[in-house]
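Written below as structure tokens is the structure these notes are about.
The values are calculated or read from the model by the stated rules, or taken from the named source; none is laboratory data. Predicted model only: the values in this text are computed from it and were never measured. Note that each Cβ is placed from the backbone with ideal geometry, even for glycine, and that neighbours are counted across all protein chains shown. The area values use the complete protein model at the heavy-atom level, side chains included, leaving out ligands, DNA and RNA. Shrake-Rupley method; radii C 1.70, N 1.55, O 1.52, S 1.80 Å.
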Amino acid sequence: MAAQLEQIISQLLVPDSNAIAAATAQLKEFSKEPAIVPALCQVLSTSENNTIRQYAATILRQKIERNWTRLDNDVKNGIKTICLQVLQSQVTKEVRNSVTAVVCVITKHEFSSWPELLNFITAACYSDSLPAKELGLYMLGEVSEAVGIEMEPHFTSLFELYAKSLSHHGNPEVLHLTCVAMSQLVPYLGSNHAQQFGILLPHAINAIKILLGADEEKACTSFELFDALLECEVAIIVPHLTSLLSLCLEVTKNTSLDDGTRVKFMTFLSWLVSTKKKALQKLQLVTTILD
């Protein structure tokens, strides 16, 4: 069945509306078969065409979103195993993203009963291999978004991981993915973890400064960490107001940066002033802003 399924998917990718229509009809019939899920896993793991693998992962995600609880345990375990094996094989970013989306669907049902996943992610994040490190950090951000508060028991070890990742000043993508992953935890920090998380913020600010010189778009995405903090856990920002203010003013005054970048930081600055006006006055930072 897997060979037939791969052939059908390949026909979905050709620039021929008749072929696509026929393949869509065939796929609809195949989807009624219980064996469709194992067949998709086989295509995902064995196809030599990355676009087909990406498409297989997308179909697999759609199937298990609706039917995960109805699948046999052997099938579920097989999907988990295949996903991690595929991700370990240094696939393209498109395949990585699609397979990670499958993983995230599974975690919504079984995160606490799938310890191998977090072990896999952690090992990748600490790897000396840059592609593995980027994979781990990307997965960490996506899984954190998917499971939310279920990450809390792992916060201390995650904060240590973030600290190490933020020290990779020569790898902008690592810095970017770390800031994105950190931002996913912000809504769940609370007072218990504020101090630990706050220790990371000077390093995150430095990472954003580095990214501004390497990739403005990723710098802006990374800065959304502070947008989230200002919205959810503003008290964590207070000890870092001077550094944040300096960064925002530096960006807004830098005419060599894109207008969109400058507007983003200017908007944050305005929001910061309206939210923490008294703290800024206490630190005698209002004059700095006006200047």
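A few remarks follow.
- When segment 109-144 is limited to residues that are of a type in the set (Gly, Ala, Ser) and not in a helix (DSSP H, G or I), the one that is farthest from Arg70 (Cα to Cα) turns out to be Ser129.
- Meets criteria (part of a helix (DSSP H, G or I) and closer than 26 Å to Val99 by Cα) for Leu201: no
- Exactly one residue out of Ile199, Ile208 is crowded, with 19+ Cβ neighbours inside 10 Å and not hydroxyl-bearing (Ser, Thr, Tyr): that is Ile208.
- Residue in segment 171-182 that is modelled with pLDDT of 95 or more and among the acidic types (Asp, Glu) present: yes
- Considering only residues in segment 169-191 that are in contact (Cβ under 8 Å) with a residue 24 or more places away in the chain and assigned to a loop (DSSP other than H, G, I, E, B), the one that is farthest from Tyr138 (Cα to Cα) turns out to be Leu189.
- Within segment 53-96, being part of a helix (DSSP H, G or I), touching a residue at least 40 places away in the same chain (Cβ under 8 Å) and of a type in the set (S, T, N, Q) holds for Gln54, Thr58, Thr69, Gln85.
- Scanning segment 268-290 for residues that are in contact with a helix residue (DSSP H, G or I) (Cβ under 9 Å, 6 or more places away or on another chain), open to solvent by 80 Å² or more (accessible area, probe 1.4 Å) and either at pLDDT 60 or above or not in a helix (DSSP H, G or I) (or both) turns up Trp271, Leu283.
- For Ser165, the criteria (1) among the hydroxyl-bearing types (Ser, Thr, Tyr); (2) open to solvent by less than 10 Å² (accessible area, probe 1.4 Å); (3) modelled with pLDDT under 95 hold in every case but one, which is (3).
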